[in-house]
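Worksheet: one structure, shown below.
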């Protein structure tokens, strides 16, 4: 079983708090950002702007942010996206959790399965950013 922790994203300001997920001592979204080629930094920054709009309960185009659950699933998984980047996360009563990032066309189906698995495990452990 994975061990999870949440770290507030102070750069995202708004009424809905955003957190980075730590899994077994590692923060996947930080690793993704650190390894991201310079050519994609602008797109990563654009996703941060969409996150801030979300945190402030502003409308965001479906093409930029949408839930990943279909039918009866209730994982709370979502994705922010740009032309080449995808940032995956989940919603919990305590806020939005940013889990990891990926690239369009490079394992998206596996990324979606992975974020749903992580979200399900977090819900099964009944943990949230508020303790």
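The values are calculated or read from the model by the stated rules, or taken from the named source; none is laboratory data. If you're wondering where the values come from, they're calculated on a predicted model, not measured in any experiment. Using ideal geometry, Cβ is built from the backbone for each residue, glycine included, and neighbour counts are taken over all protein chains shown.
So, residue 70, is that one farther than 23 Å from residue 10 by Cα, out of contact with any strand residue (DSSP E or B) (no Cβ under 7 Å at 6 or more places or on another chain) and in contact (Cβ under 8 Å) with a residue 60 or more places away in the chain or not?
On the way: farther than 23 Å from residue 10 by Cα: yes; out of contact with any strand residue (DSSP E or B) (no Cβ under 7 Å at 6 or more places or on another chain): yes; in contact (Cβ under 8 Å) with a residue 60 or more places away in the chain: no.
Considered against the rule, which asks whether it is farther than 23 Å from residue 10 by Cα, out of contact with any strand residue (DSSP E or B) (no Cβ under 7 Å at 6 or more places or on another chain) and in contact (Cβ under 8 Å) with a residue 60 or more places away in the chain, residue 70 comes out as no.
Out of (1) at pLDDT 95 or above; (2) in contact with a helix residue (DSSP H, G or I) (Cβ under 8 Å, 6 or more places away or on another chain); (3) surrounded by 17 or more Cβ atoms within 10 Å (Cβ to Cβ), the odd one out for residue 33 is which?
(3)
Scan the range 106-131 for residues that are surrounded by 16 or more Cβ atoms within 10 Å (Cβ to Cβ) and modelled with pLDDT of 90 or more and report the count.
Selection size over the range 106-131: 9.
Where residues in the range 32-50 are assigned to a helix (DSSP H, G or I) and touching a strand residue (DSSP E or B) at 6+ places or on another chain (Cβ under 8 Å), which of them is nearest to residue 61 (Cα to Cα)?
50
Could you check, for the range 12-26, whether at least one of its residues is under 21 Å from residue 122 (Cα atoms), modelled with pLDDT under 95, outside any helix (DSSP H, G or I) and in contact with a strand residue (DSSP E or B) (Cβ under 6 Å, 6 or more places away or on another chain)?
So the first thing to find is which residues in the range 12-26 are under 21 Å from residue 122 (Cα atoms), and the list is 16-26.
Filter again for modelled with pLDDT under 95, leaving none.
No, because not a single residue in the range 12-26 is under 21 Å from residue 122 (Cα atoms), modelled with pLDDT under 95, outside any helix (DSSP H, G or I) and in contact with a strand residue (DSSP E or B) (Cβ under 6 Å, 6 or more places away or on another chain).
Can you work out which of the residues in the range 73-105 that are touching a strand residue (DSSP E or B) at 6+ places or on another chain (Cβ under 7 Å), surrounded by 17 or more Cβ atoms within 10 Å (Cβ to Cβ) and part of a loop (DSSP other than H, G, I, E, B) is modelled with the lowest pLDDT?
Ranking the candidates gives 75 first.
Residue by residue through the range 8-27, note down the ones that are more than 19 Å from residue 58 (Cβ to Cβ) and surrounded by fewer than 16 Cβ atoms within 10 Å (Cβ to Cβ).
8, 10, 24, 25, 26
If I filter the range 57-72 down to residues being within 13 Å of the chain's Cα centre (by Cα) and outside any strand (DSSP E or B), which single residue comes out as surrounded by the most Cβ atoms within 10 Å (Cβ to Cβ)?
68
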